[in-house]
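Trainee: One structure coming up, written as structure tokens, with questions to follow.
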Amino acid sequence: MKALKSFYNWLSITGIIMVVNSLILILILFIFSVISKQSNTYLGLYIYIILPAFLVLGLILIPLGILLRIQKKEAVGDESIGWPVFDMNLRKHRASLLKISIITFIFLVASAMGSYSAYQYTESIEFCGTLCHQVMEPEYATYLNSAHARVTCVECHVGEGAGWYVKSKLSGLYQVYSVLFHKYERPIATPVHSLRPARETCERCHWPQKFYARKLISQRSYLTDSINTEWNVSLLLKIGPEHSAMGLTEGIHWHINKDFRIEYVSNSVDRESIPWVRLTNLKTGEVKTFMDEENLLDKKALDTLEKRSMDCMDCHNRPSHNYKSAPNYIDNAMISGQIPKDLPFIKKAAMEALKLSYTNSDTALSSINSTINTYYSTDHRAVYASNTIRVRKAIKIIQGEYQKNAFPYMRADATRYLDHIGHLESDGCFRCHSDRHKTAQGETISRNCDMCHTIIAQGPTGDIKTGTINEVLEFVHPTDIKGKWKDYFCTECHRVLYE
């Protein structure tokens, strides 16, 4: 009785109520989650995170209340309340100890299972992508449409090992704070400086020694003329050597040849600007340093900036969250037949609607609809009169493609998240291969197109010019720009047009 009196305090009673209610709610919600056929992110959040937190808090309050009550009574000399005393010679006490041991064992097993379930839940795609729906919607939507849609988020963002797991959870605490108090950036900054090295993530699946040899790539785009002229380009992409048995001796993936080390310095947070590159031949010890003559760094700046060793992520920087630009996703929809390519001026009408900047999705969808309808009804009445239904269907597809690749609230789209593969809408390869990066002896990092790919066919459908693997074609721009593509970067037109 003396021991039981110590439970009679509001703190312990509150703890008991919290424990009992948490257990009941966890059990009910768990049973519901098992029998329910629909997945619910917030249900998992309550079962594995929120309610267990209240349960643990209640368990802490129970002994804390007892301790405070005993200390209070001892301070005034009242010994009517004290700690329970176990006498193993008494059968009743032995039975009580056995009950406590069984309950403790069951609780520990349940806690272990709950902790593991909580761990699995916090590592799930559902947790990463849908819990903070509005904030993470761009990343989640583009992930689902990526080539890595069956690779879980943590396999790339966390990887193996306890150290990086702890680091990711500590980082996650700040992210929770940012979401709760609206401290997050828009768009969310790409974590280029905190990602694990590619050899610890990408190379778990993509084995460098087993890269493929050269690969044929066929591309098609549509011009903004009345007939949506199809323009075709077939490239032999030199991702590797002529024969795969030659390994990484040449081709694009030579950049990660284990016999060489490529280091660079960037003077921009997003690594878009690379003014300094160093190439070291690890076999001979030869070192070449290239400086961008139009973006020179002084010694002080060079000493303070990070020198990074090049890896997969320096080119493949959007492997899972790839935001397509408006020309790109409209071309794809036309190639697949979702948007009728024989609908006059549809490419131009789509570009007119998609070149505008929007602040929210509802406004964007409404504006896309009104802009395209107005374009046809004002400038091409005869076309609109005979194709009204087709135009409206095309608008629905354009709106849907926009929603997959542009997220106005988070200010996330292809102009904010540049893809370094290629050099059309981001400088990509041209960040180093510019002809401006030179050694003291005058050697340059060449921007010769044939280093990475050769054109073996190009032109409009019905009049495609072809070459052979050994007789390559010189690039022809779909519209006559007087050879300016030889002197300027593609981004000087393409990025500006669609920002």
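Taken together, the values in this text are just the output of simple stated rules run on the coordinates, not laboratory data. This one's a predicted model, so the numbers in the text were calculated from it and none came from an experiment. Every residue, glycine as well, gets a Cβ built from its backbone with ideal geometry; the counts of neighbours run over all protein chains shown.
Trainee: Around N145, under 15 Å between beta carbons, what's the net of Lys plus Arg minus Asp minus Glu among the other residues?
Mentor: Values: positive: R150, R318, K324, K404; negative: E137, E139, E401, D413, D419.
Once positives and negatives cancel, what remains is -1.
Trainee: Kindly flag which residue pairs out of K167/K210; K167/K283; K355/K396; K238/K355; K215/K283; K215/K484 have an alpha-carbon separation exceeding 25 Å in this structure.
Mentor: Those over the limit are K167/K210; K167/K283; K238/K355; K215/K283; K215/K484.
Trainee: Here is a follow-up. Using bins 10 angstrom wide from zero, how does P(r) for the chain break down, in % of all Cα pairs?
Mentor: With 10 Å bins starting at 0, P(r) equals 3, 13, 20, 20, 16, 10, 7, 5, 3, 1, 0.
Trainee: While we're looking at this one, here's another question. Would you mind putting 287-297, 95-105 in packing order, based on average other-beta-carbon counts within 10 Å, highest first? Mind dumping the intermediate values first?
Mentor: On the way: 287-297: 14.9, 95-105: 10.5.
Final packing ranking: 287-297, 95-105.
Trainee: Something else about it: State, to one decimal in nm, how far the label point of L27 lies from the label point of A301, with both points 7 Å from Cα in the Cβ direction.
Mentor: 6.8 nm
Trainee: Counting pairs of alpha carbon atoms under 8 Å apart in space and at least six apart in sequence, what relative contact order in percent does region 89-170 give?
Mentor: Relative contact order of region 89-170: 18 percent.
Trainee: Can you give the local net charge around I125? Use residues other than it whose beta-carbon is closer than 13 angstrom to its beta-carbon, Lys and Arg +1, Asp and Glu -1.
Mentor: Residues close to I125 contribute a combined charge of -3.
Trainee: Test of understanding: what is the full-extension gain from I17 to E250, defined as 0.36 nm times their sequence separation minus their Cα-Cα distance?
Mentor: 77.0 nm
Trainee: At a Förster radius of 30 Å, what calculated FRET efficiency corresponds to the Cβ-Cβ distance of L170 and L67, to the nearest 0.05?
Mentor: For L170 and L67, the calculated efficiency is 0.45.
Trainee: Right, here's the next one. Order 329-341, 16-28 from most to least packed using the mean count of other Cβ atoms within 10 Å.
Mentor: Sorting 329-341, 16-28 by mean packing, highest first, produces 329-341, 16-28.
Trainee: Give, in nm to one decimal, the length gained when the segment between H477 and V85 is fully stretched (0.36 nm per residue of separation minus the Cα-Cα distance).
Mentor: Between H477 and V85, full extension yields an extra 132.1 nm.
Trainee: Mind ranking 50-59, 170-179 by how tightly packed they are, going by the mean number of other C-beta atoms within 10 angstrom, highest first? Intermediate results must be reported in sequence, preceding the final value.
Mentor: On the way: 50-59: 17.0, 170-179: 12.4.
Descending packing order for the listed peptides: 50-59, 170-179.
Trainee: Across region 140-155, in residue order, what do the Karplus-derived ³J(HN,Hα) couplings come to in whole Hz, using 6.51 cos²θ - 1.76 cosθ + 1.60 with θ = phi - 60° and x for Gly and Pro?
Mentor: Result, rounded to whole Hz: 5, 5, 6, 4, 5, 9, 9, 6, 9, 5, 9, 9, 5, 3, 5, 5.
Trainee: Then there is this: State to the nearest 20 debye the size of the charge dipole of region 120-207 about its Cα centre, where the only charges are +1 on K and R beta carbons and -1 on D and E beta carbons.
Mentor: 180 debye
Trainee: Amide H of N267 versus every other amide H placed in the peptide plane: which residues, excluding those fewer than 5 positions away on the same chain, fall under 5 Å?
Mentor: Residues meeting the criterion, in which the H sits 1.01 Å from N, are S273.
Trainee: I would also like to ask the following. Considering the dipole of region 278-362 built from charges on the beta carbon (Lys and Arg +1, Asp and Glu -1) around the Cα centre, which of N281, S336, S320 is farthest to its positive end?
Mentor: The residue sitting farthest along the positive end of the dipole is S336.
Trainee: Now for a separate question. By the gyration tensor of its Cα atoms, with a ≥ b ≥ c the square roots of the eigenvalues, what is the shape of region 137-184: rounded for a/c under 1.5, prolate for a/b over b/c, or oblate?
Mentor: Values: a/c = 4.56, a/b = 1.15, b/c = 3.98.
Oblate, since a/c reaches 1.5 and b/c is not below a/b.
Trainee: Residue by residue through region 16-24, which ³J(HN,Hα) values in whole Hz follow from phi under the Karplus form 6.51 cos²θ - 1.76 cosθ + 1.60 (θ = phi - 60°), with glycine and proline marked x?
Mentor: Those phi angles translate into 4, 4, 5, 5, 4, 5, 5, 4, 4 Hz.
Trainee: Report, in debye and to the nearest 20, how large the dipole of region 326-410 comes out about its Cα centre when Lys and Arg carry +1 and Asp and Glu carry -1 on their Cβ.
Mentor: Roughly 180 debye for region 326-410.
Trainee: For the chain, what does the relative contact order come out to in percent, with C-alpha contacts under 8 Å and a separation of six or more?
Mentor: This gives 14 percent for the chain.
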